[in-house]
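Values in this text are rule-based calculations from the coordinates and carry no lab data. Everything numeric here is computed off the predicted structure, so don't read it as measured data. Positions of Cβ are generated from backbone atoms using ideal geometry, with glycine treated the same way; all protein chains shown enter the neighbour counts.
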Amino acid sequence: MKLGFSAAEEDFRRECASWLNAQMAGEFKDIKGISTLTEKAERRKEWEQQLAAHKWSCIGWPEQWGGRNATLAQQVIFAEEYARAGVPGRVNHIGIELAGPTILAFGTDEQKKRFLPGIAAGQTIFCQGFSEPGAGSDLASVRTKGRLENGEWVVNGQKIWTSLAHISDWIFVVTRTEEGSKGPKGLSFLMMDVKQPGVEIRGIKQINGDAEFNETFFTDARCPEDSMIGAVGDGWKIAMGLLAFERGVSTLGQQMGFRNELNEIIAAARANGAANDPLIRQRIAKAEIGLQLMRYGAMRMLSNTDHSKIDGAALTYKIQWASWRRSLGELAMDVLGQGGEIAEGADYEWDALPNLFLFSRSDTIYGGTNQIQRNLIAERGLGMPREPRGDI
Amino acid sequence: MEFAFTEEQQMIGETAKAFFSENATSERTRKAMAADGVDRDLWTSFCTELGLSGIAVPEAQGGAGLGQVEFAMVAEHAGAQVAALPLLGLAMASKALLAGGTDAQKAKWLPEIISGSTIAACAGTDDLVVDGDTLTGSFTLVPHGGSADVFVLGNVAGAWVVMRDAAGVSVTSHTTMDQTRPYATITLKGVAGDPLADGAAALQAAREAGWICVAAEALGGAQETLNRTVAYAKERVQFGRPIGSFQAYKHRLADMMIEIEQARSAVYWAACAVDEGAGDAQLALHAAKSFAADTYFKCAGDMIQLHGGIGFTWEHDAHLFFKRARAIQSMLGHGNWHREQVATMILGDAA
């Protein structure tokens with residue numbers, strides 16, 4: 001059991017940091033430190049292309065497809081340095097972290113050639129069409145329909161919470177392709193062009209005033225027959241495989257973002273005297289400890305090579321970080337005091353900490369609510385009987 | 001990234017787990033609870049047959065020459081069964097001697113302590129008058145102090161080895177809530193102590209070893225409360241269903257697991273940081289002690305609640321975990337104190 005990284009890995013860390021810092025001090029100075037996913041979207045697409053031009057876009061992918069075949073440790077290091085340098089989140093993170101790996105794992109050679117180069121190059125931005133108004137936690141009750149017509153899939157229905165759909169080029173859609181089927185059976189996984197007449201995007205304004213999420217309506221939207229990943233009826237298997245990619249190496253990079261947030265709270269507490277309050281001190285210490293334990297939990301998860309057993313660190317990770325960050329948002333407001341409730345300008349636009357407070361209410365909902373996480377932990381991790389399904 | 005047990009470490013863990021789950025039975029522990037809180041047969045076989053008592057002691061002193069990670073694995077499994085053993089005293093006294101003892105003290109005491117023939121306890125106090133190496137004062141709340149044959153005792157000025165049977169030593173054992181680790185008050189009146197070469201280093205090493213020991217015990221205890229409650233949840237039927245099928249119940253089990261997984265990261269981060277001499281070892285130790293203790297208490301309390309009435313009986317083992325957990329929360333610095341140390345590292349002293 002060891003804590004750190006090897007000397008060669010630390011060299012790689014310096015290489016990542018030096019390139020990223022140079023970019024954030026130079027050509028892409030204007031996007032440094034942006035904390036929302038929507039601000040300066042066009043510049044951030046250029047940033048995706050800059051990453052690709054220097055082969056930093058998808059380092060974990062095979063070299064054949066624009067990656068570097070990077071080891072898990074190298075991917076973790078890159079993600080950490082990316083966040084540490086204050087680089088804003090990837091507007092194509094769904095393409096790089098979800099769509100790409102799904103195509104690599106389940107796609108045909110022809111599909112790989114069709115999609116991967118565009119994703120790797122930062123030219124094709126992807127979004128995810130999973131949730132529906134009637135299929136949230138119960139994802140398998142998807143109702144969006146797909147039917148085959150003259151060599152094309154024709155799709156009708158509605159997706160919701162499609163993050164960044166308004167700046168995306170493509171969407172992957174879990175669609176019910178077997179008429180009358182129920183639950184996880186009869187679903188298929190389609191890749192669709194967002195920029196076609198049958199797809200309409202409407203933004204959803206969130207409690208922080210931003211609109212990162214969307215409703216996406218499909219009205220006779222179309223894609224070629226060979227845009228299906230896997231076979232007809234494999235949709236659930238592929239969607240579940242994709243969700244497993246979500247718990248990957250980006251977690252440690254995400255934690256560097258959390259570190260920046262906690263540091264900002266610490267700085268605010270020192271500046272306004274809250275750092276002298278014994279209760280605030282306890283909560284800051286708890287936040288620090290929680291963040292450290294998240295880091296070492298992720299290290300355990302990523303060091304684990306025995307995938308035959310349930311990995312407790314991995315299974316509990318989502319609810320752990322989401323709950324931690326929600327508490328951090330509350331701590332931020334207690335440190336800031338009433339002044340934290342005032343926005344500087346005329347617009348309903350928030351500085352990082354009040355925005356953290358508001359945005360973090362979604363952390364315990366998206367990607368599986370805390371309640372669903374507890375079901376998963378109790379059922380998969382502890383072998384408790386499954387929740388009975390209703391008929392409605 | 002290798003933040004996972006090596007094959008050798010896994011074998012040590014499996015050996016310790018099998019030993020304690022087979023031998024540290026409820027029946028034997030309860031027999032020890034009715035006496036001085038030490039299962040002597042278990043202690044002898046742990047020290048001699050199993051040979052894990054000196055796991056973190058260098059080979060030159062008769063140990064296995066491994067580190068705090070391996071010791072924590074042993075303490076985790078001992079804690080899982082709330083074994084009535086003077087393991088904390090062994091951990092603290094042996095590390096104190098290693099860090100601050102003279103060569104002669106190490107040569108004399110470490111083999112005796114590791115062999116189990118001498119039970120050691122370790123404590124510090126503010127109430128000690130030192131005249132040369134003649135000591136007068138008292139040490140309260142010494143874990144297993146009533147069972148110890150030798151003490152490593154100290155204050156800000158130094159540390160000394162004191163024999164239980166030396167002239168001027170009196171020991172008062174207390175009826176203690178956690179009967180598996182009863183406290184005693186050690187009173188010294190003009191006692192001749194054998195001074196350690198570096199008392200400050202000895203006491204610091206003892207504290208660190210103590211934090212790792214109780215944090216690891218807490219981790220093991222917490223995991224065991226969850227395991228036993230999970231088993232109960234599957235077998236107990238009410239309203240025609242196993243009670244574990246109710247969300248109000250299973251979500252509490254999930255919450256226990258979420259805390260335990262973090263406590264596991266904390267304990268092995270701290271043990272590894274100490275072994276590697278990492279810069280954040282102190283942060284890790286404070287995190288591990290405070291987090292694991294609170295996790296254990298939460299889980300042991302939940303164990304009682306989730307067992308219903310049977311969990312409140314003397315006959316059921318839930319109270320053994322609950323009382324050990326409560327004791328660990330208070331000993332060697334309360335969680336609030338440890339968190340204040342972390343706050344001071346981050347924020348500086350409060351104005």
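Simple spin-label estimate for B:Ile310 and A:Gln206 gives 4.7 nm between the two label positions (7 Å along the Cα-to-Cβ direction from each Cα). Rounded to the nearest 10 degrees, the angle from helix A:72-84 to the longest Cα principal axis of chain A is 60 degrees. Between A:Arg386 and A:Asp277, residue separation times 0.36 nm minus the direct Cα-Cα distance comes to 34.7 nm. Annotation for B:Glu2 and A:Arg143: the two label points, set 7 Å from Cα along the Cα-Cβ direction, are 5.6 nm apart.
Mean separation of Cα pairs under 8 Å and 6 or more residues apart, divided by the residue count, gives chain B a relative contact order of 16 percent. In straight Cα distance, which lysines are under 21 Å from B:Lys323, not counting same-chain residues fewer than 8 positions off? Reachable lysines: B:Lys31, B:Lys289, B:Lys298.
Let me know the mean shielding of A:282-291 by other chains, meaning the per-residue number of their Cβ atoms within 10 Å of its Cβ. Mind dumping the intermediate values first?
Numbers: counts 6, 2, 5, 16, 8, 2, 9, 12, 3, 0.
Whole-number average of other-chain Cβ neighbours for A:282-291 is 6.
Each label point was placed 7 Å from the Cα along the Cα-to-Cβ direction; for A:Lys185 and B:Asp127 their separation is 7.5 nm. Summed over qualifying helices (DSSP H, 4 residues or more, each -39500 (n - 2.57)) and divided by its residue number, the protein assembly as shown shows a 222 nm mean residue ellipticity of -15500 deg cm²/dmol.
A protection proxy built from the mean count of other Cβ atoms within 10 Å ranks the segments A:189-197, B:262-270, A:295-303, A:353-361, most packed first, as B:262-270, A:295-303, A:353-361, A:189-197. Averaged over peptide A:382-391, the number of partner chain Cβ atoms lying within 10 Å of each residue's Cβ comes to 5. Relative contact order for region B:201-350: 29 percent, from Cα pairs under 8 Å spaced at least 6 residues apart, divided by residue count. According to the calculation over all Cα-Cα pairs in the protein assembly as shown, the P(r) per 10 Å bin from zero is 3, 13, 21, 22, 18, 12, 7, 3, 1, 0, 0 %. Cβ-Cβ distance of A:Glu110 and B:Thr15, R₀ of 51 Å, FRET efficiency by 1/(1 + (r/R0)^6): the value works out to about 0.40. When each full DSSP H helix of chain B is screened for a Cα extent of at least 27 Å along its own axis and an average Kyte-Doolittle hydropathy of at least -0.5, the helices passing are B:199-235, B:247-276, B:281-307.
Pair-distance distribution of region B:110-216: all C-alpha pairs, bin width 10 Å, starting at 0; shares per bin in whole percent are 15, 49, 33, 4.
By the Stokes-Einstein formula, at 0.890 mPa s and 25 °C, region A:269-392 with its Kirkwood radius over alpha-carbon pairs has D equal to 144 µm²/s. For region A:303-338, the residues whose backbone nitrogen is under 15 Å from a point 7 Å from the Cα of A:Leu243, taken along Cα to Cβ, are A:315-319.
Once R0 is set to 25 Å, what does the formula 1/(1 + (r/R0)^6) return for the Cβ-Cβ distance between B:Met345 and A:Lys2, expressed as a FRET efficiency to the nearest 0.05? Walk me through the numbers before you get to the answer.
Values: r = 23 Å, r/R0 = 0.94.
Using R0 = 25 Å, I get an efficiency of 0.60.
Principal axis extents of the Cα atoms in region B:201-350, from largest to smallest and rounded to whole angstrom, are 58, 31, 28. In plain terms, the chain from A:Ser163 to A:Glu344 could stretch by 62.5 nm, reckoned as 0.36 nm per residue minus the Cα-Cα distance.
Given R₀ = 35 Å, what would the calculated FRET efficiency be for B:Asp165 paired with B:Thr25, taking r from the Cβ atoms and rounding to 0.05?
Values: r = 32 Å, r/R0 = 0.92.
FRET efficiency, B:Asp165 to B:Thr25: 0.60.
Look at the alpha carbon pairs under 8 Å that are at least 6 residues apart: their mean separation over the length of chain A gives a relative contact order of 13 percent.
First obtain the Kirkwood hydrodynamic radius of chain B from its Cα pairs, then insert it into the Stokes-Einstein equation at 10 °C and 1.306 mPa s, and state the resulting D in µm² per second as a whole number. Write out the running numbers ahead of the final one.
Numbers: Rh = 20.6 Å.
Rounded to a whole number, D works out at 77 µm²/s.
Taking the charge dipole of the protein assembly as shown about its Cα centre, with +1 at Lys and Arg Cβ atoms and -1 at Asp and Glu Cβ atoms, the residue from B:Trp314, A:His54, A:Val154 reaching farthest to the positive side is A:Val154.
Partner chain Cβ atoms within 10 Å, averaged over the residues of B:245-252 - can you pull that number for me?
Taking the mean over all residues of the peptide, I get 5.
May I ask you to compute the full-extension gain from B:Thr134 to B:Val156, defined as 0.36 nm times their residue separation minus their alpha-carbon distance, rounded to one decimal in nm?
Details: separation 22, 0.36 × 22 = 7.92 nm, distance 1.52 nm.
That pair, B:Thr134 and B:Val156, stretches by 6.4 nm at full extension.
Debye sum, Cα scatterers, region A:88-240, no solvent: what log₁₀ I/I(0) at q = 0.14, 0.19 1/Å? Each listed q corresponds, in turn, to -0.63, -1.20.
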